[in-house]
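Just so it is clear, none of the values below were taken in a lab; they were calculated from the coordinates. Owing to the predicted nature of the structure, the values given are computational and were not obtained by experimental measurement. Methodologically, a virtual Cβ is constructed for each residue, glycine included, from the backbone with ideal geometry; neighbour enumeration extends over all protein chains shown.
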Amino acid sequence: MASLTLTIREAVRYRGRSGQISWIAHRISGLAILAFLVIHVWDTANAFFAPNIYAWSLALFKNPFFALGEVGVMAAILYHAMNGIRITILDFKPEWWIYQGRSAIIVWVMFFALFIPIAILMFSGLAAHCGEMAAVGDSCWRLPSLSEFPPSMFE
Amino acid sequence: MATISEKQGISRRSVTIQSNLERNAFMFMRMSGIALLILAVGHMMIQHVLNSSTNLTIQFVAQQWNSWGWKIYDLLLLAFAIPHGINGLRNVLEDYVHNETAVKWINILLAIFVVATLLWAGYAILRFDATPFMD
C-alpha cells in the first residue's frame with residue numbers, strides 16, 4: 001500500500017515526460033479493459049447458461065451510462081493497442097530507442113485520429129436509440145428490471 | 001564494422017536468457033498483443049462500430065454463433081485476451097506487492113481465475129445452440 005501511495009505521488013512529481021505519460025496511460029487503459037473484459041466474458045457466457053439474464057443485461061447496457069463506458073473502453077483498447085505495438089517494436093529493436101519520444105507522439109496522433117470519428121459514430125448511434133425509445137413513449141435512461149425478462153421467454 | 005546504432009552511441013548485444021516462467025510471460029504478452037491487435041480491435045470495429053450495442057439482441061448473437069467461424073473467432077479472442085489481461089494485472093500487482101508469499105498467492109489465485117474463466121466461457125461458446133433463438 002505504501003508503495004502504491006508512493007507511485008501516485010511520484011507520478012505527479014516525477015518529470016518523466018512523454019515516456020512516463022505513455023506508461024501511465026498503458027497501465028490505466030489495460031486495467032480498465034480488464035475490468036470490462038471480465039464482466040463482459042462472464043456476462044456473455046450467460047447467453048448459454050441463462051439466456052434471460054443475458055437478454056436483460058443487453059437491455060441494461062443500452063443505458064447511456066453504460067454506453068458512455070463503452071466509448072471509454074473503445075478509447076482504452078485503441079490506445080492500448082497502438083502503444084502496445086510501439087512497446088513490442090522497441091523491445092525487439094533497441095536501436096530505435098532514440099525515437100522513444102517521437103514514437104510516443106505518433107501513437108497519440110494515431111489514437112486521436114481513430115478514436116474521434118469512432119466516438120462520434122458511437123454517440124450518434126446512442127442518440128438514435130434514445131430517439132427511438134422516446135418515440136414509443138419509453139426512455140433510454142430507464143433501467144430495465146430483470147422481471148421483464150422471465151426465464152420462460154426462451155422456452 | 002561500425003553499425004548505424006554504434007555511431008549513435010547505442011550498441012546492441014544479444015544475450016541468451018534461459019527459458020523460465022517470467023521470460024515466457026514476457027514473450028506471451030508481446031505475441032498475444034500482436035494477435036489481439038487483429039482479434040480485439042477487429043472485434044471492437046465489427047461489434048461496436050459496424051454493428052452497435054444499442055440494437056444488439058440475443059438473436060443477433062445466436063445468428064453469429066450459429067456459424068463455426070464466429071465461434072472460433074470468439075474462442076481465440078477469449079483464449080488470448082483473458083491470459084493477456086490477467087498477466088498484465090499480475091505485472092501491475094507485482095510492482096506494488098513486495099511480500100514473496102503474497103506474490104505467490106496472487107499468482108496461484110490469478111492462474112485459477114484464468115483457467116476457470118476459459119473453461120466456463122469456452123464451454124458456453126462451444127456448446128451454444130442457436131436453434132431456440134432463430135425464427
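For chain B, the longest principal axis of the Cα atoms and the long axis of helix B:100-127 meet at an angle of about 30 degrees.
Think of each Lys and Arg Cβ as +1 and each Asp and Glu Cβ as -1; about the Cα centre, that makes the dipole of the range B:9-121 roughly 320 debye. Just to be sure I understand: with springs between alpha-carbon atoms less than 10 Å apart, which residue in B:Ala124, B:Ala79, B:Ala25 has the highest mean-square fluctuation in the Gaussian network model of chain B? Comparing B:Ala124, B:Ala79, B:Ala25 in a Gaussian network model of chain B, the most mobile one is B:Ala124.
Between rounded, prolate and oblate, where does the range B:78-125 land on the alpha carbon gyration tensor, with a ≥ b ≥ c its root eigenvalues, rounded for a/c under 1.5, else prolate if a/b exceeds b/c? It is oblate, given that a/c is not under 1.5 and a/b is not larger than b/c.
Is the shape of the protein assembly as shown best called rounded, prolate or oblate, per the rule: a/c under 1.5 gives rounded, else a/b larger than b/c gives prolate, else oblate, with a ≥ b ≥ c the square roots of the Cα gyration tensor eigenvalues? Prolate is the answer for the protein assembly as shown, as a/c is 1.5 or above and a/b outweighs b/c. Between the range A:20-61 and the range B:26-102, what is the C-alpha centre distance in whole Å? A separation of 10 Å, based on Cα centres.
Where does helix B:68-96 land angle-wise versus the long Cα axis of chain B, in degrees 0 to 90, nearest 10? The answer is roughly 40 degrees. Among A:Ser22, A:Ser145, A:Ser103, the largest mean-square fluctuation in a Gaussian network model of chain A (Cα springs under 10 Å) belongs to A:Ser145. In the protein assembly as shown, the calculated helix contribution to ellipticity at 222 nm averages -25500 deg cm²/dmol per residue, counting -39,500 (n - 2.57) for every DSSP H run with n ≥ 4.
Principal-axis analysis of the Cα atoms of chain A puts helix A:100-135 at an angle of about 10° to the longest axis.
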